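Working notes, structure below.
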Amino acid sequence: MFNVSRSIATSTWVNLLGEKLTFLRSFLRQPTQIGAIAPSSSDLVATMIESFNWMNINAVAEYGPGTGVFTQAIMQNMKPETRFFAIEQSAEMVKATLKRCPSVKIYQDSVTNVQRLCEIESIDRLDAIVSGLPWAAFPDVLQDRILNEIPKVLRPGGSFATFAYWQGLALPAGKRFSRRLRSHFSQVQRSKTVWKNMPPAFVYRCVL
Ligand SMILES: C[S@@+](CC[C@H](N)C(=O)[O-])C[C@H]1O[C@@H](n2cnc3c(N)ncnc32)[C@H](O)[C@@H]1O
């Protein structure tokens, strides 16, 4: 007899494997843009989502959704009327996000253009930004360009969260990024380490 639940489990597993392969392939092609060999784990997604008070968020943007693991969780946690769009530079990752979240509004663009995209979306100020960007792979000048755009689109007191890999804390680039965050935001806190992530990671929770 045909076993429906086994067939659903198999197709979910095949989809997840396909996502992981897409991610790895993209990393091998563009390591400094992708910055990781696998999507964030469900534990890191949960830690990222806990960083925000979703009831107070009316407009949110996501930076670098990759295969859409944060995107899906954002859509499940935000209020139905919340405005949401994502910005992803890689065409292959845009496709992967749309496969996971067919109804998401996603722009294939660089987050350095966030101000223009907010204008297109008729969003005056965002309440929150969820970032999956690989900061440690970016040169200092790009980190600054992206961070300098944030006060132009995020309201004062708005929330920004981004993850970093634990081992980066010991490296000069990781330490520089931590200092840079502290110079751009009025509050910066670190979540607990998410050990069930490859590699272990934590979330920077920042308030403008
Ligand atoms: C480490 S992956 C994270 C994916 C996903 N958020 C996750 O946690 O699994 C980083 C993503 O950021 C995207 N990205 C890198 N630089 C970008 C930029 N300047 N603008 C928009 N997306 C960018 C990459 O293409 C990649 O999909």
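The label point for Glu92 and the one for Leu142, both projected 7 Å from the Cα toward the Cβ, are 1.6 nm apart.
As a rough footprinting exposure proxy, the listed residues Trp195, Trp135, Trp166 were ranked by other beta carbons within 10 Å of their own, and the order from fewest upward is Trp195, Trp166, Trp135.
The HN-Hα couplings worked out from phi for region 26-38 by the Karplus form 6.51 cos²θ - 1.76 cosθ + 1.60 (θ = phi - 60°) are 5, 4, 5, 6, 9, x, 7, 8, 8, x, 8, 9, 8 Hz, whole numbers, x standing for Gly and Pro. Quick one: helix 172-184 against the long Cα principal axis of the chain, what's the angle to the nearest 10°, folded into 0 to 90? Once rounded, one gets 60 degrees. Mean residue ellipticity at 222 nm, helices only, the chain: -13500 deg cm²/dmol; runs of at least 4 DSSP H residues each add -39,500 (n - 2.57), and the sum is divided by the number of residues.
Restricting to bridges with both residues inside the chain, how much of the DSSP beta-bridge set is antiparallel, in percent to the nearest 5? Around 40 percent of the beta bridges assigned by DSSP in the chain are antiparallel ones.
Remark: for residue pairs Lys99/Lys152; Lys175/Lys196; Lys105/Lys175; Lys99/Lys175; Lys79/Lys175; Lys95/Lys192, the C-alpha separation exceeds 25 Å in Lys99/Lys152; Lys105/Lys175; Lys99/Lys175; Lys79/Lys175; Lys95/Lys192. Just checking the listed ones, Gln72, Gln115, Gln167: in the Gaussian network model of the chain with Cα springs under 10 Å, the one fluctuating most is Gln167. With θ taken as phi - 60° and the Karplus curve 6.51 cos²θ - 1.76 cosθ + 1.60 applied, the whole-hertz 3J(HN,Hα) list for region 132-147 is x, 6, x, 4, 5, 8, 8, x, 3, 5, 6, 4, 5, 4, 5, 5 Hz, x standing for glycine and proline.
Taking square-rooted eigenvalues a ≥ b ≥ c of the alpha carbon gyration tensor, is region 40-207 rounded, prolate or oblate, where a/c under 1.5 means rounded and, failing that, a/b exceeding b/c means prolate? It comes out rounded by the Cα gyration axes.
No lab work stands behind these numbers, since they all come straight from the coordinates. Small disclaimer: the values here were computed from a predicted structure and weren't measured. Note: ideal-geometry Cβ built from the backbone for every residue, glycine included; neighbour counts use all protein chains shown.
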